[in-house]
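Working notes, beginning with the structure itself.
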Amino acid sequence: MWLFALPALLINICIILVPAVLTFTAAFFMWDGVGTPVWAGLANFQNMVADPVFWSALTNNFIWTAIFLTVPVCLALVMAAALLMAPKARIVVQSIIFLPRIIAVAVTGRIFQGMIFSPATGIVAWLNEHGFSISDPLADPDRSLYAVAAVDIWHWWGFLAVVFLSAMRQISVEQIEAARLDGAGFLQLFRYVLIPGIRPTLTLMLILTVIWSFQVFEFIFIVTRGGPAYGSEVLATFAYRHAFFEGDVGQAAAAACVMSLFGLCATAVYLWLQITDDAQST
Amino acid sequence: MIGDRWSRTFSLGLIGVASFSSLLPIVLAVMNALKTTVEIGSNPLALPTQLHWENFSSAWRNAQLGPSLLHSAEVAALTILMVCITATPCAYVLARQKGKFWRFITFYFMATITVPVQLYLYPLYFIFAKLGLVNSIPAVALIYTAMFSPFAIFLLRTYALAIPVALEEAAQVDGARPWQTFWYVILPMMRPGLLTVAIIVGLNAWNEFVIAVTFLQNDSNVTAIVRFYNLTGQYSTDWGEMLAAAVTIVLPVVAIFVLLQRQFIDGMTSGAVKS
């Protein structure tokens, strides 16, 4: 019977576990990916700590985490509560706000570049012609990270709202009715019934947000490649650049280790929650 | 009815704004895909005066979308096949076996869900390069199988847990071997779960970017997403054609989404909603 688990396990170990262990090892070697690795001790980490780009990338990861723990979560919570109040619109609107999540990131990134942020063909251009003076946020090192975050929020928040809505729908109608009869308005209902009612789901999504925020790569790589002037660089783009454009796999591996370290605490909490939950359900 | 009049009005207003902002970039893309580049430049918000379908034919021709869409379909189909074949029996075992060892395996699969691609991407790439597996579509599908099967295992496991054990015991009493029980008793009952898995895994494989852009480098074997990414940039000039290509790549996904919304939404939110 245990043979049934073997193919899935074997593929997973070969593709994920073994290379992950090799990444930890590679962090202590000088290696360009092709030649023979040379032992380097802590040199990769020392170089990284001395590199100001590493620190700005790490800071950007923290900024990203802060943005995604607040903006999309608040939007999604309010939207889920609104959809709970409007059962007729629910099914159609749920599909509409979910739609951005299924569109490929590469496509979404390009659409925002061309149709929203572009000073020649986008909404930014249109606003400039109508009396607002806005420059291309993607060309500004101080604003590019926030512009990319806006694209990711567009892609993400509707999905989050659908998740919260499904959780809110599991709250008993009697409980909501009782609060209503006691004279609770929207805000009180939201604060004292809906939020506590979905706490397990909310906690899980916040933990996953922390994990994913330290891994963020696609949107930034596609839209700005970490630029301009490393303004939107994060650890993942920092690592990718070192591995494939600068031929310094050891440095990339060291950055990947740091990335994983920050996600690790959140991952530990995530696993603990999942395991206790799993023990109850089986 | 839930909510008083004020909160209902507020809700409807919010729903309107939210739907509008979710649809705006998509509508802009579709609208401008039918305009000339000059028209887009003069006013991106204007409706097309004339429908320029030739953007689609020139995108198809210049971007060689045909072959790359075929590669995307190949990768997606191979990944779906491999995930279903490997994850289903694994999910069944994890649902039935108890004890420390199996708890550990469950824990391991959970952990790999949160592992960043970056943690295994670099050694994997250089190993595959040594083995001559770069630019190979089946190799990319194999990586996807490893990436997406933990999700499939946990989704299918909930289906397996719902199957009464008595059913298998009855089969065993009748002399069925484990693989026969699995094939004739368990598999048919997991079918709805397999449909959801196929849809979500197919979507992920179709849309995936990091692995595809790293492991597929020849124009002769790239997926549609990589082809699109390579052809376009921040400073693209022919936006009409580019948007036509974007619409072509997204259209099959949206069509399936419209047909099978339940599976999409249930599959993608599975595991996220806790009770």
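Mind checking the mean number of beta-carbon atoms from other chains within 10 Å of the Cβ atoms in B:16-25?
Numbers: counts 2, 1, 12, 8, 1, 6, 13, 4, 4, 12.
Averaged over the peptide's residues, the number is 6.
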If the elastic network links every pair of Cα atoms under 10 Å, which of B:L167, B:L23, B:L12 fluctuates the most in the Gaussian network model of chain B? B:L12
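Sorting check: for A:5-18, A:28-41, which peptide has the highest mean count of neighbouring beta carbons within 10 Å, and how do the rest follow?
Numbers: A:5-18: 18.7, A:28-41: 14.6.
Order by mean packing, descending: A:5-18, A:28-41.
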Give the residue from A:I63, A:G109, A:Q170 lying farthest towards the positive end of the charge dipole for segment A:14-281; charges sit on Cβ (+1 for Lys and Arg, -1 for Asp and Glu) and the dipole is referred to the Cα centre. A:Q170
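May I ask for the Rg/Rh ratio of segment A:88-132, computed from Cα atoms with Rh as the Kirkwood radius, given to two decimals? Don't jump to the answer; show the numbers that get you there.
Numbers: Rg = 14.5 Å, Rh = 12.2 Å.
Radius of gyration relative to Kirkwood radius: 1.19.
Would you work out the charge dipole size for the protein assembly as shown about its Cα centre, treating the Cβ of every Lys and Arg as +1 and the Cβ of every Asp and Glu as -1, and quote it to the nearest 20 debye?
On the way: 26 positive and 28 negative charges, 248 e Å.
Here the size comes out at about 1200 debye.
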Two-decimal ratio, segment A:127-264, of alpha-carbon radius of gyration to 2.2 N^0.38 Å: 1.48
With Cα coordinates, the longest principal axis of chain B makes an angle with the long axis of helix B:239-259, in degrees rounded to 10, of 30
Amide H proximity to A:F29 below 5 Å, modelled H, separation 5+ or other chain, gives A:A40
Between 0 and 90°, nearest 10: helix A:87-102 axis offset from chain A longest Cα axis: 10
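In peptide A:233-240, what is the residue-averaged number of other protein chain Cβ atoms found within 10 Å of each Cβ? Could you put the intermediate results ahead of the total?
Numbers: counts 0, 0, 2, 5, 1, 1, 5, 7.
Shielding by partners across A:233-240 averages 3.
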Over the Cα atoms of segment B:65-231, how large are the radius of gyration and the largest Cα-Cα distance (Dmax), in Å? 18.3, 61
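Give the average, rounded to an integer, of partner chain Cβ atoms located within 10 angstrom of each Cβ in B:173-184. Don't skip to the end; give the middle numbers.
Numbers: counts 0, 0, 0, 0, 0, 3, 3, 0, 1, 2, 0, 0.
The per-residue average across the peptide is 1.
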Which whole-number value in Å² is the accessible area per residue of chain A, probe 1.4 Å? 41
Over its alpha-carbon atoms, segment B:180-275 yields an Rg and a Dmax in Å of 17.9, 60
Kirkwood calc, segment A:138-215, C-alpha pairs only, radius in angstrom 14.8
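Averaged over every viewing direction, what's the projected area of the C-alpha convex hull for segment A:14-281? Give it in nm², one decimal, please. Show your work: numbers first, answer last.
Working: hull surface 75.4 nm².
Result: 18.9 nm².
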Paramagnetic reach from A:V269 in segment A:63-92 [backbone N under 12 Å; point 7 Å along Cα→Cβ]: A:69
Please list the radius of gyration and Dmax for segment A:56-170, considering alpha-carbon atoms only, with Å as the unit. 16.4, 49
Let me test this: with uniform point scatterers at the alpha carbons of the protein assembly as shown, what is the Debye-based log₁₀ I(q)/I(0) at q = 0.05, 0.11 1/Å? -0.22, -1.10
Mind pulling the angle between the C-alpha long axis of helix A:144-168 and the longest principal axis of chain A? Nearest 10 degrees, somewhere in 0 to 90. 40
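The values are calculated or read from the model by the stated rules, or taken from the named source; none is laboratory data. Bear in mind the structure is a predicted one, so any value in this text is a computation, not a measurement. Using ideal geometry, Cβ is built from the backbone for each residue, glycine included, and neighbour counts are taken over all protein chains shown. The protein model used for the area step is the full one, side chains on, heavy atoms only, and it has no ligands, DNA or RNA in it. Shrake-Rupley method; radii C 1.70, N 1.55, O 1.52, S 1.80 Å.
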